[in-house]
Amino acid sequence: MGPELAIITAVSLAGYLIWNHDKNLSKLNKIFKNWGLMAGEALPVFKGKEGVVYKFKLPMGLVFDQMKAKEDAFNESFPFNAVELDFVGGLLHVIIADQLPKMLPFKEDMLKGKWSIPIGQSIRGMIYHDFNKIPHILAAGITRYGKTVWLRLLMLSIILQQPKQSKLVAIDLKGGLSFMDFEKLKQTHCVASDIAESVEALREIADEIKGRQKWFKEKGIQKIQQAGKRQKRVFIIIDEAAQLMSNGRTGKEKLIYRECERLLEYIGQVGGGLGFHLIYCTQYPTTKTLPQQVKANCDAVISFRLRNSTANNVVFDDVGMAEDLPHIPGRAVYQSDRVHEVQVPFVEDDQILELTKDHLKEDHDAPFVSHKDNTPGANTLVIE
Ligand SMILES: Nc1ncnc2c1ncn2[C@@H]1O[C@H](COP(=O)(O)OP(=O)(O)O)[C@@H](O)[C@H]1O
Ligand SMILES: [Mg+2]
């Protein structure tokens with residue numbers, strides 16, 4: 001019997017016994033199995049300061065150098081961690097480390113300009129989202145893990161980097177409190193805090209999109225990058241978008257929610273190339289709170305912890321991405337052309353106040369004023 005068929009025996013050490021529900025351990029077992037090596041049922045592990053250390057006895061005939069040569073393969077299987085192999089006291093140590101900080105204070109030098117905004121630190125360095133490459137972002141995650149803080153970071157980054165070229169429209173149906181300080185800034189067109197204000201703001205944006213389409217045609221240009229400084233970027237930021245959905249509503253009321261859904265779908269479908277960016281957040285991603293059209297047009301996703309695999313599967317086409325995240329506020333998975341686990345920088349309210357003090361509106365106490373007809377169906381968007 002060659003060494004590849006030998007059984008790796010569980011090393012009996014006093015201490016923690018972690019059973020098969022340990023996802024790292026199941027993964028290690030799978031890797032060993034794929035290589036024709038068998039692993040024990042339950043393996044003792046202990047936490048060292050470098051990370052979690054899993055100890056294995058090497059099968060007879062297999063030397064450490066042969067395993068060490070496979071370190072890259074281990075790292076590929078644990079893309080968010082650093083995996084190191086070591087040989088100590090006759091035992092193979094597989095060390096799986098969470099390399100990210102549990103808290104990362106926001107610093108201005110994290111901003112790198114243009115239309116790239118900082119998303120968070122990954123094991124490969126700071127990850128940025130480039131609105132020039134991917135116009136819309138879908139954000140998900142259960143409450144208390146940092147969605148609103150991330151939205152505030154996004155708004156701050158845009159305002160500091162492109163103070164003259166950006167226009168922000170925020171929708172927050174929890175009374176608009178989350179963005180009260182941003183409402184006072186020149187770049188913030190409005191913060192809609194109820195359904196009537198929301199539908200009005202979205203109609204206005206749809207009209208603006210149509211106007212811009214016309215302008216593009218006249219100028220003979222095809223995408224916003226060609227417009228230079230002549231057109232602003234418009235960011236439509238929706239915290240808890242499920243509250244705009246028509247599902248579960250009845251009667252006349254349903255119409256206005258249905259219109260919101262259609263407007264969001266329209267912005268997602270048509271707005272991207274024209275410089276209209278949708279930031280669509282939802283706590284409970286289901287097929288009802290996340291219209292198919294919106295999902296299909298969001299090529300970037302940031303997700304904080306998700307409740308379960310059903311929610312995970314609605315957001316990602318891959319398994320176990322955001323449901324397996326550690327219980328750390330600000331920890332998220334960001335997916336664009338590749339997937340990163342990130343620690344989102346934490347920006348304090350006072351920092352925002354200080355950094356944006358030059359951008360205050362002259363009359364910043366003016367409330368949101370309605371200029372248009374609010375009845376359902378009025379100004380209804382006609383999608384040609
Ligand atoms: N990036 C972060 N880093 C560290 N802690 C954070 C971060 N984001 C949020 N938190 C903590 O989590 C709390 C909840 O964040 P919040 O953005 O309000 O969550 P959500 O909008 O998802 O309910 C914050 O008050 C803060 O204490
Ligand atoms: Mg929130």
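The values are calculated or read from the model by the stated rules, or taken from the named source; none is laboratory data. Fair warning: this is a prediction, and the values are worked out from it, not measured in the lab. Here Cβ is always computed from backbone atoms with ideal geometry, including for glycine, and neighbour counts include all displayed protein chains. The protein model used for the area step is the full one, side chains on, heavy atoms only, and it has no ligands, DNA or RNA in it. Shrake-Rupley method; radii C 1.70, N 1.55, O 1.52, S 1.80 Å.
One table, with the values for the structure above:
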| quantity | calculated |
| --- | --- |
| Formal net charge of residues neighbouring Ala300 (Cβ-Cβ distance under 10 Å; K, R +1; D, E -1) | -2 |
| Segments 65-71, 127-133 sorted - mean Cβ within 10 Å per residue, highest first | 127-133, 65-71 |
| Order by protection proxy (mean Cβ within 10 Å, highest first), peptides 149-159, 98-108 | 149-159, 98-108 |
| Net charge of Cβ neighbours under 14 Å - reference Ile127; Lys, Arg +1; Asp, Glu -1 | +2 |
| Dmax and Rg, reported as Rg then Dmax, of segment 228-363 (C-alpha, Å) | 17.2, 49 |
| Solvent-accessible area, 1.4 Å probe, carbon plus sulfur percent, for the chain | 52 |
| log₁₀ of I(q)/I(0) at q = 0.06, 0.12, 0.14 Å⁻¹ - the chain, Debye sum with one point per alpha carbon | -0.30, -0.92, -1.14 |
| Solvent-accessible heavy-atom area per residue, rounded to whole Å², over segment 64-144 at 1.4 Å | 49 |
| Highest average packing first - 222-231, 335-344, Cβ atoms within 10 Å | 335-344, 222-231 |
| The chain - percent relative contact order, Cα under 8 Å, separation 6 or more | 18 |
| Computed [θ] at 222 nm, deg cm²/dmol, the chain (DSSP H ≥ 4; -39,500 (n - 2.57); rounded to nearest 500) | -8000 deg cm²/dmol |
| Check: the chain dipole with +1 on Lys, Arg Cβ and -1 on Asp, Glu Cβ, in debye | 640 |
